[in-house]
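Working notes for the structure below.
The values are calculated or read from the model by the stated rules, or taken from the named source; none is laboratory data. Because the structure is predicted, anything quoted here is derived from the model rather than measured. Neighbour counts run over all protein chains shown; Cβ positions are idealised from the backbone, glycine included. All accessible areas refer to the heavy atoms of the entire protein, side chains included, with ligands and DNA or RNA removed. Shrake-Rupley method; radii C 1.70, N 1.55, O 1.52, S 1.80 Å.
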Amino acid sequence: MAAANALLGVALREATQRKLQRFSELRGKPVAAGKFWDIVAITAADEKQELAYKQQLSEKLKKKELPLGVQYHVFVDPAGAKIGNGGSTLCALQCLEKLYGDKWNSFTILLIHSGGYSQRLPNASALGKIFTALPFGNPIYQMLELKLAMYIDFPSHMKPGILVTCADDIELYSVGECEFIRFDKPGFTALAHPSSLTVGTTHGVFVLEPFNYLEYKDLEYRCCHRFLHKPSIEQMHHFNAVCRPGNFSHQDMAGGDTTPLKLESEYVYTDSLFYMDHKTAKKLLAFYEKIGTLNCEIDAYGDFLQALGPGATVEYTRNTSNVTKEEAELTDIRQRIFHLLKGTSLNVVVLNKSKFYHIGTTEEYLFHFTSDSSLKSELGLQSIAFSIFSTTPKCSGNTSCIIQSLLDSGCSVATGSVVEYSRLGPNVSVGENCIVSGCSVITEAVLPADSFVCSLSLKMNGYLKYSTMAFGVQDNLKRNVKTLSDIKLLQFFGVCFLSCLNIWNLKVTEELFSGNKTCLSLWNARIFPACSSLSDSVTTSLKMLNAVQNKSAFSLNKYKLLSIEEMLIYKDVEDMITYREQIFLEITLNRKQFDLEAS
């Protein structure tokens, strides 16, 4: 098993490096027609997020970090009810029609869903999941560049249509030297990755039509009988989605996701991205324009793909077990989508040498960037990426990870921690399993193990302010209660939230929370001070964190307090980009100086 996994790792690493090299050669250069995407579109949840994405895209194009001659767009969801990534897909189709008329029926389009607020990985909340920094490259790659690199072969083997993907996952695959993934069939075409049954319960699972195997292939084109969305293991067996070794050894495969997997004797094929041809996209657009306003969350995977294939049935439209919020309209809309798409084919590209990784939570982020993980090896992730830090990380096992940061040689960063876009002075000590983002810590400071510290620039009443969110990496920011009497059920840094409020000398009133007063959570709790300098902001938030850890009083009464929800409303994207650029320039100058002295 170990030898087989090692061989797979080597194959994925070599295939990935080839794609990265090809993308690197396109950065900052005009691309030839048919050799790259005609349009790259990113979805945003609201106008503030739309503006942030547009500003970052503009910066990337100005610095020649992206291929040129491509139309880059940000499509914002309409105001009102959350519409999910399925609704965002429909909305994006409408935007394309308005911008290009009939022209877009000849385009290859990449649509990246990045409209969430990243409550499970809040260092991506302000600037977006698709702009999450990765520990490699010069300049540093973000998820956007990685997506474009991993899909570099797709446009030239794709008929006009739309490839739909999400901002926080990574698909690595290896196929034969002369083979390419083709998206050229009518209807939908989805990628499929071999996974354990456990992984299948949190993904979409394909029930493939029977197929006569003559030999094992890295790449297979199959037809899908039906698609199961987050099925139970019993359902996978019932609908014949489970595969067993026979045609080839399951030892040739290994899963990605949150931990390296050893596939057992049974496995399933799970989803990642999918393509739809232009004719199908137009059919969905006509449906969207007919309904007018969408008032419920539609899932692009669960609600589109489950309608496909000859074995699809209408039952799933009434199943709301995987729905975050159940709206009255949902079942009706689902049934209409089912009848609209029924009879449409679902083609599956089976990638037997592939892995799917998700980096959407603090746990996944820390694991993949700091442990001796498969992804780290396959993608060539570095422990110190475009940073100044003289401490040599450990060679094996867990390390720290430093991304575009300036760290004094006197500071210490414990294993399992990630520091990005930050400045840390000589007397700063970062504990194990921490995330430090956008911070400036000049004075002596201790960051407790398992802490999350992220600073944002804010524009409030025309003035530049700073606020730093600080809590535990395991804290659940999405967990909410309905009444003030229930806030004792919330936990901050592993401590009862009510106890924390006592430590900070804060009263339990409705004013303590922003936004919806019947949905009280750490996300909308007004507990983070707004300060006039970045370093003061970090220092103050660390004091409130340490007060909770040490159970010592630290009054927050004298500060203007904000919730994370409000920070995102007031965020000053331009100032945050400027701060990152200053760090970039200092590192560049430092390296040039070092090279001059060495020569």
Anything in segment 286-321 that is within 22 Å of the chain's Cα centre (by Cα), of a type in the set (A, V, I, L, M, F, W, C) and not in a helix (DSSP H, G or I)? List them, or say none.
Ile298
Under 6 Å by Cβ, and 6 or more places apart or on different chains, what pairs join a residue from segment 135-162 that is under 30 Å from Ser405 (Cα atoms) with one that is outside any loop (DSSP other than H, G, I, E, B) and open to solvent by 20 Å² or more (accessible area, probe 1.4 Å)?
Ile152/Arg22
Counting only strands (runs of 3 or more DSSP E) entirely within segment 405-497, those with at least 2 residues that are in contact with a strand residue (DSSP E or B) (Cβ under 7 Å, 6 or more places away or on another chain) and closer than 23 Å to Arg526 by Cβ are 435-437, 451-460, 463-472
Which of the residues that make up segment 96-111 are in contact (Cβ under 8 Å) with a residue 24 or more places away in the chain and small (Gly, Ala, Ser)?
Ser106
In the list Val31, Val40, which residue meets the criterion of being touching a Gly at 6+ places or on another chain (Cβ under 7 Å), under 19 Å from Tyr72 (Cα atoms) and among the aliphatic types (A, V, I, L, M)?
Val31
Residue within segment 67-77 that is out of contact with any Lys or Arg (no Cβ under 8 Å at 6 or more places or on another chain), open to solvent by 30 Å² or more (accessible area, probe 1.4 Å) and touching a residue at least 40 places away in the same chain (Cβ under 8 Å) present:
no
Working only within segment 31-71, note down all residues that are in a strand (DSSP E or B), under 19 Å from Pro155 (Cα atoms) and among the β-branched types (Val, Ile, Thr).
Ile39, Val40, Ile42
Residue list for segment 236-258, restricted to those being touching a helix residue (DSSP H, G or I) at 6+ places or on another chain (Cβ under 7 Å), in a loop (DSSP other than H, G, I, E, B) and either at pLDDT 95 or above or surrounded by fewer than 17 Cβ atoms within 10 Å (Cβ to Cβ) (or both)
Val242
Residues that are in contact with a helix residue (DSSP H, G or I) (Cβ under 6 Å, 6 or more places away or on another chain) and open to solvent by 20 Å² or more (accessible area, probe 1.4 Å): does segment 122-143 have at least one?
no
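Each row is one residue, and each column tells you yes or no for (1) in a strand (DSSP E or B); (2) more than 20 Å from Glu566 (Cβ to Cβ); (3) in contact with a helix residue (DSSP H, G or I) (Cβ under 8 Å, 6 or more places away or on another chain); (4) not aromatic (Phe, Trp, Tyr).
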| position | (1), (2), (3), (4) |
| --- | --- |
| His73 | yes, yes, yes, yes |
| Gly86 | no, yes, yes, yes |
| Lys98 | no, yes, no, yes |
| Asn105 | no, yes, yes, yes |
| Leu110 | yes, yes, yes, yes |
| Gly116 | no, no, yes, yes |
Any chance segment 395-405 includes a residue that's on the phi > 0 side of the Ramachandran plot, in contact with a Phe, Trp or Tyr (Cβ under 6 Å, 6 or more places away or on another chain) and surrounded by fewer than 20 Cβ atoms within 10 Å (Cβ to Cβ)?
no
Given the condition aliphatic (A, V, I, L, M) and touching a strand residue (DSSP E or B) at 6+ places or on another chain (Cβ under 6 Å), answer yes or no: does some residue in segment 507-521 qualify?
yes
Based on what the data block shows, is Ile233 open to solvent by 50 Å² or more (accessible area, probe 1.4 Å), of a type in the set (A, V, I, L, M) and either touching a helix residue (DSSP H, G or I) at 6+ places or on another chain (Cβ under 8 Å) or within 22 Å of Thr108 (Cα to Cα) (or both)?
yes
Please work out if Asp77 is at pLDDT below 95, under 19 Å from Tyr117 (Cα atoms), under 21 Å from the mean Cα position of the chain (by Cα) and of a type in the set (Asp, Glu).
no
Condition set in contact with a Ser or Thr (Cβ under 9 Å, 6 or more places away or on another chain) and more than 16 Å from Phe471 (Cβ to Cβ), scope segment 547-559, selection surrounded by the most Cβ atoms within 10 Å (Cβ to Cβ): answer is Tyr559
Test each condition in (1) farther than 30 Å from Asn123 by Cα; (2) in contact (Cβ under 8 Å) with a residue 12 or more places away in the chain for Ser354 and report the one that comes out false.
(1)
Can you find, within segment 413-439, the residue that is farthest from Phe452 (Cα to Cα) among those that are open to solvent by 10 Å² or more (accessible area, probe 1.4 Å) and among the charged types (D, E, K, R)?
Arg423
Among the candidates Lys62, Lys48, which residue alone is closer than 30 Å to Asp575 by Cβ and free of Cβ contacts under 8 Å to residues at least 60 places away in the same chain?
Lys62
Could you check how many residues of segment 502-535 are basic (Lys, Arg) and either touching a residue at least 24 places away in the same chain (Cβ under 8 Å) or under 13 Å from Met469 (Cα atoms) (or both)?
1
Scan segment 21-37 residue by residue and report those that are in contact with a strand residue (DSSP E or B) (Cβ under 8 Å, 6 or more places away or on another chain) and surrounded by 15 or more Cβ atoms within 10 Å (Cβ to Cβ).
Val31, Trp37
If you go through segment 485-497 one residue at a time, do you hit one that is acidic (Asp, Glu) and open to solvent by 60 Å² or more (accessible area, probe 1.4 Å)?
no
Considering only residues that are over 21 Å from Gly425 (Cβ atoms) and of a type in the set (Lys, Arg), which ones fall in segment 553-587?
Lys558, Lys560, Lys571
Has segment 537-546 got any residue that is touching a helix residue (DSSP H, G or I) at 6+ places or on another chain (Cβ under 6 Å) and surrounded by 14 or more Cβ atoms within 10 Å (Cβ to Cβ)?
no
Matching residues in segment 331-389 - criterion: being within 30 Å of Ser417 (Cβ to Cβ), assigned to a helix (DSSP H, G or I) and either among the aliphatic types (A, V, I, L, M) or open to solvent by less than 10 Å² (accessible area, probe 1.4 Å) (or both):
Tyr365, Leu366, His368, Phe369, Thr370, Leu375, Glu378, Leu379
In segment 560-576, anything buried (at least 19 other Cβ atoms within 10 Å of the Cβ) and part of a helix (DSSP H, G or I) is listed as Ile564, Glu565, Glu566, Met567, Leu568, Val573, Met576
